[in-house]
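The block underneath contains the structure these notes are about, expressed in structure tokens.
The values are calculated or read from the model by the stated rules, or taken from the named source; none is laboratory data. Only a predicted model underlies this, so the values are computations on that prediction, with no experimental measurement involved. Note: ideal-geometry Cβ built from the backbone for every residue, glycine included; neighbour counts use all protein chains shown. Side chains are part of the model used for accessible areas, which takes the heavy atoms of the whole protein and leaves out ligands, DNA and RNA. Shrake-Rupley method; radii C 1.70, N 1.55, O 1.52, S 1.80 Å.
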Amino acid sequence: MLTKKQHQLLLFIRERLNAAGVSPSFDEMKEALNLKSKSGIHRLITALEERGFLRRLPHRARALEVVRLPEDAGERMAERSGDDKAGRPSGFTPNVITGKFSGALPGATVSPAGLSETFDLPLYGKIAAGTPIEALRTPNEHIGVPASMLSTGEHYALSVEGDSMIDAGILDGDTVVIRRCDTADNGAIVVALVDNEEATLKRLRRKGDTIALEPANKAYETRIFGPDRVSVQGRLVGLLRRY
């Protein structure tokens, strides 16, 4: 599931590629989404790239390739009423999701006396760079997790989408077990909330007044933020994989 801004940007890039044979500039994308800075566009493109919707072509300026579209792309395009003379879709406005995410992922509380052979945890939606908050608000189902994987405290599970953490042994389709917390050691793999809008699974690095969210795949870039833009939602404590 994509955020509305990610979805709109992806469709805008596709339409410009089809019409002109070249992807729009960052300024054109910024104007189309009514964003104030190019950094917001860079963040959206990185999220789409990590989730397998876009590909950057090397050694070429403004070279983006749309790899695939979301399943509901046809419905989204039908909602839009046309393009203006500048090539910008009408009604092309970003969607900002507000709210306190830290209270939106209730988990199962584990105590030493309550540990048994397996423990049922709420399983939320898929997480990757750019996962919208609403996709993680309600559990899709519950999943049994070995008690040996859990410590005391509140835990939940997430499905992983994308390959941005493959060098850390976290593959597309894996299920990660997260212990809820609001802080983590340097180098820990965490669920981080960026700008109160998107959740992502990355390695946390702190240096001075900046926070880096580091992928475990050389194909993706480390993203740097100010301390007020990132909040920790939990720390990775286990991983489940089906063969």
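Scan (1) modelled with pLDDT under 90; (2) closer than 17 Å to LEU44 by Cα; (3) open to solvent by 30 Å² or more (accessible area, probe 1.4 Å) for the single condition ALA199 breaks and write down its number.
(3)
Suppose we filter the stretch 22-58 for residues that are open to solvent by 60 Å² or more (accessible area, probe 1.4 Å) and without any contact (Cβ under 8 Å) to a residue 24 or more places away in the chain; how many remain?
Adding up the residues that qualify gives 9.
I'd like to know if the stretch 182-193 contains one or more residues that are within 21 Å of ILE45 (Cβ to Cβ) and assigned to a loop (DSSP other than H, G, I, E, B).
The answer is no; no qualifying residue exists.
I need a count of the residues in the stretch 1-39 that are β-branched (Val, Ile, Thr), outside any helix (DSSP H, G or I) and within 25 Å of GLU161 (Cβ to Cβ).
Within the stretch 1-39, residues that are β-branched (Val, Ile, Thr), outside any helix (DSSP H, G or I) and within 25 Å of GLU161 (Cβ to Cβ) number 1.
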